[in-house]
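What follows is one structure encoded as structure tokens, with my remarks underneath.
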Amino acid sequence: MFSPNWRKLWIGSLVLAALCGFTYGWKHRSENPPFIITRKAEEPPEVKLLRKGRYDDAVKAILDSIKDEKKDYFKYQTVAAIYAVRAVKDPSNREKWIEQAAFYIGKSVSPAPDDSMNLMGAAFGSDHIGDISSQSCPYYEKARHYAQDAMNQLKSDSIFVGDEKMPTQPIRDEFGKFLKSLQDKIETKCANKP
């Protein structure tokens, strides 16, 4: 099809074009770096505010970012986490902040009572605030209730988490361990309490 001279010229031109393209790209890489380098993970404003101890501003930033409660319900758990941090940092008002954390955990569950991952997040959050509260028993009971509801939601062999299909058995196993630890806490800390 091609004579040997044309073939050499064609291959030589192709190699030369590739080298020129590579050289040009290498020289201009600082002007047009790869996407991974250009995108620096920026801290959300609420994290910056939280680090500065500006809890009310951090909560306000999250609550202001909620556009549709049915889609953004998970943000209420972030608000609950901020109140839990505040409870730890402010022992004199600890129970006040714990009540706020519990309120926002409940608020995160109400728009999505069938979301097993959200229920499990609520269970872990309630367990955590039970650990830091002087009145832990109601929070442990609530955590157990959320965890049992989450377990009841996991009836199929797999679920979708985002776009990824995951088997439910490992999740059920972890829920089982968590429920066992909650039961142990309830038996040791709440057995003698009304």
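The values are calculated or read from the model by the stated rules, or taken from the named source; none is laboratory data. The structure displayed is predicted, hence computed values, not measured ones. A quick note on method: Cβ atoms are made from the backbone with ideal geometry, for glycine too, and the neighbour counts reach across all protein chains shown. To get the accessible areas, we keep the full protein, side chains included, count just its heavy atoms, and leave off ligands, DNA and RNA. Shrake-Rupley method; radii C 1.70, N 1.55, O 1.52, S 1.80 Å.
Taking the criterion of being more than 18 Å from the chain's Cα centre (by Cα) and more than 18 Å from Lys189 (Cα to Cα), the residues of the range 115-160 that qualify are Gln148, Asp149, Met151, Asn152, Gln153, Leu154, Lys155, Ser156, Asp157, Ser158.
A Cβ distance below 6 Å, combined with a sequence gap of six or more or placement on separate chains, defines the contacts here; from the range 174-188, residues that are farther than 14 Å from Leu119 by Cβ reach residues that are modelled with pLDDT of 90 or more and assigned to a helix (DSSP H, G or I) in the pairs Lys185/Tyr140; Ile186/Tyr140.
Pairs meeting the criteria (first residue in the range 104-120 and farther than 15 Å from Phe178 by Cβ and in contact (Cβ under 8 Å) with a residue 60 or more places away in the chain, second residue open to solvent by less than 30 Å² (accessible area, probe 1.4 Å) and part of a loop (DSSP other than H, G, I, E, B), beta carbons under 8 Å, at least 6 apart or on different chains) are lacking.
Looking for something open to solvent by less than 50 Å² (accessible area, probe 1.4 Å) and within 29 Å of Ser92 (Cα to Cα) - is there at least one such residue anywhere in the range 146-159? So far as the range 146-159 goes, yes, one or more of its residues are open to solvent by less than 50 Å² (accessible area, probe 1.4 Å) and within 29 Å of Ser92 (Cα to Cα).
Note on the range 108-128: residues that are part of a helix (DSSP H, G or I) and touching a Lys or Arg at 6+ places or on another chain (Cβ under 9 Å) amount to 5. Selection of first residues in the range 41-58 that are open to solvent by less than 50 Å² (accessible area, probe 1.4 Å) and of second residues that are basic (Lys, Arg), restricted to Cβ pairs under 6 Å at least 6 apart or on distinct chains, gives the following pairs, ordered by first then second residue: Tyr55/Arg86. The set of residues in the range 68-94 that are at pLDDT 90 or above, open to solvent by 70 Å² or more (accessible area, probe 1.4 Å) and farther than 17 Å from Asp131 by Cβ contains only Ser92.
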